[in-house]
1. Once both labels are modelled 7 Å past Cα along the beta-carbon direction, what's the Arg66-Arg184 spacing in nm?
2. What is the calculated FRET efficiency for Ala168 to Glu235, with r their C-beta to C-beta distance and R₀ = 25 Å, to the nearest 0.05?
3. Determine, for each peptide in 46-57, 150-161, 109-120, 5-16, the mean count of other beta carbons within 10 angstrom over its residues, then list the peptides with the highest first.
4. Please identify which residues in the range 209-243 have an amide N closer than 19 Å to a label point set 7 Å out from the Cα of Tyr195, following the Cα→Cβ vector.
5. Nearest 10 degrees is fine. How inclined is helix 168-180 to the longest principal axis of the chain, computing both from alpha carbons?
6. Treating the angle as unsigned and between 0 and 90°, give the value, to the nearest 10°, between the Cα long axis of helix 106-123 and the longest Cα principal axis of the chain.
7. Please work out how much length the chain gains when fully extended from Ala211 to Val261, using 0.36 nm per residue of separation minus the C-alpha to C-alpha distance, in nm with one decimal.
8. Within a Cβ distance under 13 Å of Arg347, other residues only, what is the Lys/Arg minus Asp/Glu net charge?
Amino acid sequence: MGTDKTVAVFGAYGHTGRFVVAELTARGFVPLLVGRDAGKLRELAESHPGLAHRVASADDPASLDRALRGAAAVVNAAGPFASTAGPVIEAALRSGIPYVDVAAEIEANLDTFAHFADRAREAGVAVVPAMAFFGGLGDLLVTTAMGDWTAADEAHVAYGLSSWHPTAGTVVSGTVSRDRRDGRRVRYTGGRIEYYAAERDLPILDWDFPAPLGTRPVLGEFTMADVVTVPSHLEIPEVRTYMTAAAARDLASAHTAPVAVDDSGRSAQTFVVDVVVRSGDTQRRVVATGRDIYAISAPLAVEAVHRILAGQVTTTGVASAGEIFDAADFLGALAAHLSVEPRHESRVAQVA
């Protein structure tokens, strides 16, 4: 174990990794820059005088062990996570340090729960997958919306993105996930993950986002990592996610990467995450708004690291954000990055 200020960032020179490094620094941590490309690491280290960097590869366990030496925790920001999550978690367990990643890959997250739950719990090591915009944020919002409910009939997470210009890593990770599914689609229904043949286009629905976004067409069955994180600890048999149709078209074209519009590297993209959970004829709603889906993953991951190292957790082993942290309090700590409306409860006449 290292000091509680040194945090290794695997994939530190990637798009999200750079945000994580900056956020760690701003929070008083000492990032340890880790990745497989020595040249990119040196370039990043030159822009952050005083920070150490170590070359390591997911297919070289000894290099990972050397890279994590002296670190108190590791954040994995290097996709595709189907290739990196397992090896970096293994290294974290050997080092006895907590692991956090920003994976949005459904299959990679499923692998983490399936392969490491027992070992991480026995080792007393926290392993938090999908601690990012997709997966982590939605889980925190759903958990907050649930409040004192121990179960619900369904949860809906609607993503209102002004645009979606994916990073190269997002494109590669998406390709890996599609290959692993053999072109099938995925959803969470009837209390389980279900893969099914893509025999038709995704349905287009109207979603009533809060003002000023208003009613927008969204793609139904646009399934994100929330279908792994939410059911991992909440008794909700139907978990559905949606994406604004315009943002989905941007993603499909994948011609442009995010463009920075300020010194922090953030893009001008804005987002609304609208969460609705229903139990019987009562529904609860929580809404979060912010800017840049990649940039917001950094404070999410770093706040997770802070809380784990400070002992502000409710469990150990492999756990999603909503299970291991006090969800409402966690979201409140992100007020500088994220605006969250108080939970609203209402009656519903009928549910489609």
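1. 4.2
2. The value I calculate is 0.10.
3. Working: 46-57: 15.4, 150-161: 20.0, 109-120: 18.5, 5-16: 25.5.
Result, highest mean first: 5-16, 150-161, 109-120, 46-57.
4. 221-229
5. 70
6. Long axis of 106-123 versus the principal axis of the chain: about 60 degrees.
7. 15.5 nm is the gain from fully extending Ala211 to Val261.
8. After counting each charged neighbour, the total is +1.
The numbers here are math on the coordinates, done by the rules we state, and not lab data. All values derive from a computational prediction rather than experimental measurement. FYI the Cβ positions are ideal-geometry reconstructions off the backbone, even for glycines, and counts take in every protein chain you see.
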